[in-house]
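Where a number appears in this text, it was derived from the coordinates with a stated rule and is not lab data. Just so we're clear, the structure is a prediction, and the values are computed from it rather than from any experiment. Positions of Cβ are generated from backbone atoms using ideal geometry, with glycine treated the same way; all protein chains shown enter the neighbour counts.
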There are 2 protein chains.
Amino acid sequence: MILSGVGTKMASPSGLRSIMEDIATTTAAAAPGERFLNLGIGNPAYIPEVAETWRRLTAAALATDFGEASCRYGPSRGSRELVGAVVRYLGEHLGWDIGPRNVVVGPGSQMLCFIAAAMFTGAGAPRPAGLVLPMSPDYTGYQGLTLAAGQVTGVEAALRRGTDRSFTYEFDFDALRRRTDLGLLMLSTPSNPTGRSLTAAELDQLIDVAASRDVPLLVDNAYGEPFPGIGEDALPPRRHDNVINCFTLSKAGLPGERIGFAVGPERYIAPMVSFLANSALHAPQLMQAAVAVALSSGAMDELVSTAIRPFYAQRRKVVEKMLFGKLPAGIDWRLHAGQGGMFCWLWIDQPWFDDLVFYEALKREGVFVVPGRHFFTDPTGAGGFGRHARQCFRLSISADLAALSDGIGRIARVLDEMSHGGPAPARTRETV
Amino acid sequence: MILSGVGTKMASPSGLRSIMEDIATTTAAAAPGERFLNLGIGNPAYIPEVAETWRRLTAAALATDFGEASCRYGPSRGSRELVGAVVRYLGEHLGWDIGPRNVVVGPGSQMLCFIAAAMFTGAGAPRPAGLVLPMSPDYTGYQGLTLAAGQVTGVEAALRRGTDRSFTYEFDFDALRRRTDLGLLMLSTPSNPTGRSLTAAELDQLIDVAASRDVPLLVDNAYGEPFPGIGEDALPPRRHDNVINCFTLSKAGLPGERIGFAVGPERYIAPMVSFLANSALHAPQLMQAAVAVALSSGAMDELVSTAIRPFYAQRRKVVEKMLFGKLPAGIDWRLHAGQGGMFCWLWIDQPWFDDLVFYEALKREGVFVVPGRHFFTDPTGAGGFGRHARQCFRLSISADLAALSDGIGRIARVLDEMSHGGPAPARTRETV
């Protein structure tokens, strides 16, 4: 069989996907009574009032809009109702003076990121145009977006250790400005995996770089403002002639339904609508109707302020308390300052630590986390990180509390064993 | 702004899309009392019992599966329930011995066609690999699928005039066998726009070509068997190591919800699943749950046999009767033998006829049809068709009956005027 260059690239599963498949396969094949604690999940937490609101809105859409929405093809830009609701919602919440031509609704925001990567990076542009992540580590899914291999690179963050157990990444703007291959800049804020939120001054600098090269800066607000608002004092999205802001309903309760939208200048949005028309036609419509009502009626804002934001704020406190209470005091472990998002990002700042060895040892204890290396565009650390890119792991704070408590206990035990010369020997049923 | 080669290609709206936008813009800007008859629509007819069944199945999915389906990410291959239902359904209906690894569910079958085109055509393969339509004309959307320009070509059909007002296209297999640039073969059956259905002998020959070059043949069963079954004695899809069969729920009543699936050998399906994981993650899940029940419970089969198939069979008879009753007897107009699908494909076999001139003249009479040239990969007719590629138009039989009756009357009047030296002079409010 013959695959094209694009085919070969897009057929290659990412490193993270192998991990996710390993988790799925292992848990599915678990012996009766054997229980795996999955702290690696990317799903948002199941918050009953959030699910109930969406169920009610979907039922209402089904009752009133089904014939118009589901039984007809729709516009590639998005349904008139949702596009209009987005325009009004962002006008009210962010003061943006935009119109329908600034909006495109997609079958998930990942598809919109994919479209942007396909259109703004790769061969055919008059100069080298890659997908550049201004800060690495960032969301691992960005690495699978480009149609050609080797087109996603990141600028390694500077590492700043806190005096306590905290650490933070800082942008290396000088390194970013030295890059001559910018086609598209992309980042998540608050970040998956680190929880880091952009500051206004940082956004100024990123916009300055994008504008000086006249390339788009795609800001992925998946966890941020104005919804789902998982974070404290997160920076509101900014309008600019070089900025595409992406929003998704996934972390606001509807990950399975694949609704996201991008907002930006018409010169970026118009070609994205054409790409969508040529590839997927349009996003699914019944959920567009439900989302339009959620934005227009205030239901979304109520979910954010009464359910989603408080849930994760409280949850982060609890999980951090567990970590500080349970992880071995004698080990130099550090937690990235978590200003938002759904994850704790841990760095075991010890020469004996390796994220994949840890993953396997922890798996034998019935716990899954996500090894950190997949979030770095250069996991070899050749760019300067050295071992750091193999010394991190991601823990989801949206797992259930009992699993988190039990799982963090087992993480502590494995870390303790590793620090004393090695993990517990493999059990018989180890498969990887 | 800088677009990549892919960006430039995918940003270009197709000729058909300009027509569709013209229709949308014109009807939206219609003066009060001005009524446009749209016989150009690609939507399936609104059949109340079909809509009611889907509404009921969606409500049931909402009641039982919402938390699991909508509030969690799903597998890129498709939900376990739908993939399993597809395997069982095709096993029962077609006798296929397949498993989950032979199935991928996508956010619409157009996206699956796009993925196949991206993976099996274009640069990077060891030999030229284009998207070749074994018969042109075919679905105009195929022309927008490839990431690079100039990658979609068709083999011009041979024209066979019937003794009555019928005509049919025939495959030119010799020309197809001479092609050295096959990367992917794609066709619809029954065809959009012509209504032509593949015969078993023709499918044998197409498979023979695909197998001898070891390239995939993608058969798009959008209107065919086993659902929606719009056609008489249509050939059932065939399993083969070089065949990808695509199926969609769009013409079975859910065009707005974007659910389709592809079935084929694992060597084709596995990379398509990876592409989907990297681009759109997965198809929307609540509707996957509803579709799984429709396939498993017999509801889909009941819709096909009691509602969809009889509706279109009856409708085609009525529309053909209108055409024969109203179109001018003195003009050599011909209707493609319509074995299935949702359209009448007309050929005005007269030197004075031009599809775009006709489109404009008809628009001034308040009627829309789709000019035929957009369905030909070589609308210049340079390949041998000559003027034929500009002498056809597509009429949707799913428009409402009053619109069809009135519209066909106006079509007859415009044809009569054109045959006598020109269309009626443009009215004042003409805008194109």
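Summing +1 for each Lys or Arg and -1 for each Asp or Glu among the other residues whose beta-carbon sits under 13 angstrom from that of A:F114 gives +1. Within chain A, the proportion of Cα pairs with more than 31 Å between them is 41 percent. For the range B:1-138, the fraction of C-alpha pairs more than 22 angstrom apart is 67%.
Based on alpha-carbon centroids, what's the gap between the range A:178-217 and the range A:280-335 in Å, whole number please? After rounding, the separation between the Cα centres reads 23 Å.
Tally Lys/Arg at +1 and Asp/Glu at -1 over every other residue whose Cβ is under 13 Å from the Cβ of B:G341; what's the total? In short, +2. Tell me the angle of helix B:355-364 to the major Cα principal axis of chain B, expressed in degrees between 0 and 90 and rounded to the nearest ten. Taking Cα atoms only, the helix is inclined about 70 degrees.
Summarising the label geometry, the points placed 7 Å from Cα in the beta-carbon direction at A:F324 and B:A402 lie 7.3 nm from one another. Rounded is the label for the range A:323-432, because the ratio a/c of its alpha-carbon gyration tensor axes (a ≥ b ≥ c) stays below 1.5. So what is the relative contact order for chain A, in percent, with contacts set as C-alpha pairs under 8 Å and at least six apart? Reported relative contact order: 22 percent.
Note on chain B: with a GNM built from Cα contacts shorter than 10 Å, the maximum mean-square fluctuation among B:G260, B:G162, B:G122 falls on B:G162.
Here is how the number arises for the protein assembly as shown: DSSP H runs of 4 or more residues each give -39500 (n - 2.57), the sum is divided by the residue count, and the result at 222 nm is -12500 deg cm²/dmol.
Across the range B:164-248, the fraction of Cα-Cα pairs farther apart than 20 Å, rounded to a whole number, is 33%. Helix B:309-326 and the longest principal axis of the Cα set of chain B meet at an angle near 10°.
Considering only B:I331, B:P226, B:L3, the residue lying farthest towards the positive end of the dipole of chain B is B:L3, judged by Cα position with unit charges set on Cβ. So how tilted is helix B:285-297 from the main axis of chain B? Cα-based, degrees 0 to 90, rounded to 10. Tilt of helix B:285-297: around 90 degrees. Spread over its residues, the convex hull of the C-alpha atoms of the protein assembly as shown is 163 Å³ per residue. The fraction of all Cα pairs in the range A:64-302 landing in successive 10 Å bins from 0 to the largest distance is 8, 33, 36, 18, 5, 1, 0, given as whole percents. If you take all other residues with their beta carbon under 12 Å from the beta carbon of A:G383, and give Lys and Arg +1 and Asp and Glu -1, the sum is -3. The charge dipole of the protein assembly as shown, taken about the Cα centre with unit charges on the Cβ atoms of Lys, Arg (+1) and Asp, Glu (-1), comes to about 240 debye, rounded to the nearest 20.
The magnitude of the dipole of chain B, with charges of +1 and -1 set on the Cβ of Lys/Arg and Asp/Glu and taken from the Cα centre, is near 440 debye. The trypsin sites (Lys or Arg not before Pro) of the range B:55-149 include none that DSSP puts in a loop with a beta carbon having at most 14 other beta carbons within 10 Å.
Within the range A:197-339, all pairs of alpha-carbon atoms sorted by distance into 5 Å bins from zero give the percentages 2, 8, 14, 16, 17, 15, 12, 8, 4, 3, 1, 0.
Counting from the shortest, the label point at B:A200, 7 Å from Cα toward Cβ, is 7.5 nm from the same position in each remaining copy.
Antiparallel versus total DSSP beta bridges in the protein assembly as shown: what percent is that, nearest 5? Counting only bridges with both partners in the protein assembly as shown, antiparallel ones make up about 55 percent.
Hey, with R₀ at 41 Å, roughly what FRET efficiency would A:A11 and B:S18 work out to, going by the Cβ-Cβ distance, to 0.05? Calculated value: 0.75. Rank B:T163, B:L133, B:A148 by how far each Cα sits towards the positive end of the charge dipole of the range B:64-300 (+1 on Lys, Arg Cβ; -1 on Asp, Glu Cβ) and give me just the farthest. Working it through, the farthest residue towards the positive pole turns out to be B:A148. Across the range B:64-300, the relative contact order, built from alpha-carbon pairs under 8 Å that are at least six residues apart, equals 28 percent.
Select from A:T146, A:T380, A:T194 the residue whose mean-square fluctuation is largest in a Gaussian network model of chain A (Cα-Cα springs shorter than 10 Å). For chain A, modelled as a Gaussian network with Cα springs under 10 Å, the answer is A:T380.
Projecting label points 7 angstrom from Cα along Cα→Cβ for B:D214 and B:R387 puts them 4.8 nm apart. Computed from the C-beta positions of B:T64 and B:E266 and an R0 of 30 Å, the FRET efficiency is 0.45 to the nearest 0.05. Restricting to chain A, compute how many DSSP beta bridges are antiparallel as a %, nearest 5. Rounded to the nearest five, the antiparallel share is 55 percent. Placing dummy labels 7 Å off each Cα toward the beta-carbon, the span from B:R101 to B:D174 is 4.3 nm. GNM remark for chain B: springs join alpha carbons under 10 Å apart, and the peak mean-square fluctuation among B:H420, B:H336, B:H282 falls on B:H420.
With respect to the cross-link table entries B:K9/B:K363; A:K321/A:K363; A:K9/A:K363; A:K251/A:K326, which display a Cα-Cα separation exceeding 27 Å? Beyond 27 Å: B:K9/B:K363; A:K9/A:K363; A:K251/A:K326. Within the range A:64-302, DSSP assigns beta bridges of which about 45% are antiparallel (rounded to the nearest 5).
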